[in-house]
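Asks: Next up is a structure, given as structure tokens.
The values are calculated or read from the model by the stated rules, or taken from the named source; none is laboratory data. This one's a predicted model, so the numbers in the text were calculated from it and none came from an experiment. Glycine gets a Cβ as well: all are built from the backbone with ideal geometry, and neighbour counts include every protein chain shown. Just the protein is used for accessible areas: all its heavy atoms, side chains included, with ligands, DNA and RNA removed. Shrake-Rupley method; radii C 1.70, N 1.55, O 1.52, S 1.80 Å.
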Amino acid sequence: VQLQASGGGLVQAGGSLRLSCAPSGNIFRINAMGWYRQAPGKQRELVATIIISGGSTNYADSVKGRFTISRDNAENTMYLQMNSLKPEDTATYYCYAYQIGGPTQWGRGTQVTVSS
């Protein structure tokens with residue numbers, strides 16, 4: 001499985017961005033997908049997760065009510081809609097895919113910068 005992530009950029013506080021992550025390859029073993037982020041000097045943080053079967057989601061407390069993770073089965077793409085962005089959301093965001101019986105795959109990071 002390979003993951004292609006996109007959608008980062010520079011936005012002012014209060015603005016919105018949407019990240020995308022498209023898996024390719026043997027996607028049928030993917031059980032869950034999500035996003036981590038890491039800011040300079042900080043620990044990696046799990047931002048959001050979506051379970052492929054059933055669509056249940058989970059969010060870090062820091063983004064609840066502002067971020068929404070979703071998956072478009074027709075387009076085979078996962079999205080992270082980020083609204084009401086804050087400067088503390090500035091980080092490199094990494095999508096991941098957890099595979100049943102296989103290694104967790106990671107996409108290349110995409111930079112999100114929120115200016116105050």
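Asks: Can you say whether residue 16 is among the hydroxyl-bearing types (Ser, Thr, Tyr) and either touching a Leu at 6+ places or on another chain (Cβ under 6 Å) or exposed (fewer than 13 other Cβ atoms within 10 Å of the Cβ) (or both), as far as the supplied structure shows? So that I can check it myself, show each step before the final result.
Replies: Working: among the hydroxyl-bearing types (Ser, Thr, Tyr): yes; either touching a Leu at 6+ places or on another chain (Cβ under 6 Å) or exposed (fewer than 13 other Cβ atoms within 10 Å of the Cβ) (or both): yes.
Answer is yes for this residue.
Asks: Taking residue 98, is it farther than 15 Å from residue 17 by Cα, open to solvent by 60 Å² or more (accessible area, probe 1.4 Å) and either among the aromatic types (Phe, Trp, Tyr) or out of contact with any Lys or Arg (no Cβ under 8 Å at 6 or more places or on another chain) (or both)?
Replies: Details: farther than 15 Å from residue 17 by Cα: yes; open to solvent by 60 Å² or more (accessible area, probe 1.4 Å): yes; either among the aromatic types (Phe, Trp, Tyr) or out of contact with any Lys or Arg (no Cβ under 8 Å at 6 or more places or on another chain) (or both): yes.
Yes, satisfied.
Asks: Do we have any residue at all in region 32-39 that's open to solvent by less than 80 Å² (accessible area, probe 1.4 Å) and in a loop (DSSP other than H, G, I, E, B)?
Replies: Yes - at least one qualifying residue is present in region 32-39.
Asks: Could you pull out the residue among 80, 85 that is assigned to a loop (DSSP other than H, G, I, E, B), of a type outside the set (Gly, Ala, Ser) and modelled with pLDDT of 95 or more?
Replies: Values: 80 fails: assigned to a loop (DSSP other than H, G, I, E, B).
Within the list 80, 85, the selection yields 85.
Asks: Determine whether residue 71 is under 24 Å from residue 1 (Cα atoms), open to solvent by 60 Å² or more (accessible area, probe 1.4 Å) and touching a strand residue (DSSP E or B) at 6+ places or on another chain (Cβ under 7 Å).
Replies: On the way: under 24 Å from residue 1 (Cα atoms): yes; open to solvent by 60 Å² or more (accessible area, probe 1.4 Å): yes; touching a strand residue (DSSP E or B) at 6+ places or on another chain (Cβ under 7 Å): yes.
So residue 71 passes the test.
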